[in-house]
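Everything below concerns the one structure shown next.
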Amino acid sequence: MDVTLMTEFWVLGFLLVLVPGPDWAYAIGAGLRARSAAPSVLGMLSGYVVVVTVVAVGVGTLVTKYPVALTTMSVVGAGYLLYLGTTALTARSEGGITAGNIPLDTRGSTQFVKGLGVSSLNPKGLLLLMALLPQFVSPQGWSSTGQMLVLGGLHILNCAAVYFAVALLSRKLLGSRPAASAVMSKLAGVMMLVVGLGILAEKAGELLG
């Protein structure tokens, strides 16, 4: 695999995981009200294992047979990134994440299953992986499916680091610095706009060239 592409994906993926969303909300709820956040976070990570596998196997085969599918997915993904970035920048600060409306069961198995559902049914995560994974596949070396599985593994590691940190530090962050998540969301929104515009510019250049 191309080490440069892997590094670029890892950095971009880490920045995108920093964007508050359903995963963050569930991690915050687990950190604040569950005895241990591990079952909830491990459930979310397991959900992404399922999503990455489905995307890698399905999209890998599709891109191999129909190269135009990559262009189509890239344009759709770029548009979704622009939407998310604009939404993050225009969202009102008081409309940020709250953990109080996410019920948690005291049983670890139930928390795990709920975490699995939160991530596997999260359309943002699915669309972002569909748009980004093919972008960082090298034409040489391993199969596209194998490369996307490795890249997806990096994404899951990013999620593990961020969600465990969010769960463990949520009480302190929400208690003493309530605006921290809003500031992070704005910065990530700018990054998504930059990435989305960059993808559109690249595809436009390929078509015009």
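The values are calculated or read from the model by the stated rules, or taken from the named source; none is laboratory data. Everything numeric here is computed off the predicted structure, so don't read it as measured data. Here the Cβ positions follow ideal geometry from the backbone for every residue, glycine too, while neighbour counts run over all protein chains shown. Surface areas here come from the heavy atoms of the whole protein model, side chains and all, with no ligands, DNA or RNA. Shrake-Rupley method; radii C 1.70, N 1.55, O 1.52, S 1.80 Å.
If you check every pair at least six apart or on different chains, which have Cβ atoms under 7 Å apart with a residue in region 26-37 that is modelled with pLDDT under 75 first and a residue that is outside any loop (DSSP other than H, G, I, E, B) and open to solvent by 20 Å² or more (accessible area, probe 1.4 Å) second?
Every condition considered, the pairs that remain are Leu32/Arg171.
Can you tell me which of (1) closer than 11 Å to Cys159 by Cβ; (2) surrounded by fewer than 16 Cβ atoms within 10 Å (Cβ to Cβ) is the one Tyr48 doesn't meet?
Just one mismatch for Tyr48, condition (2).
Out of Leu149, Leu174, I need the residue that is among the hydrophobic types (A, V, I, L, M, F, W, C) and modelled with pLDDT of 75 or more. Which one? Spell out the reasoning first.
Details: Leu174 fails: modelled with pLDDT of 75 or more.
Going through Leu149, Leu174 in turn, the sole match is Leu149.
Starting from region 119-130, take each residue that is under 13 Å from Val52 (Cβ atoms) and list its partners that are hydroxyl-bearing (Ser, Thr, Tyr) and modelled with pLDDT under 75, counting only C-beta distances under 8 angstrom and pairs at least six apart or across chains.
Close Cβ pairs satisfying both conditions: Leu128/Tyr80.
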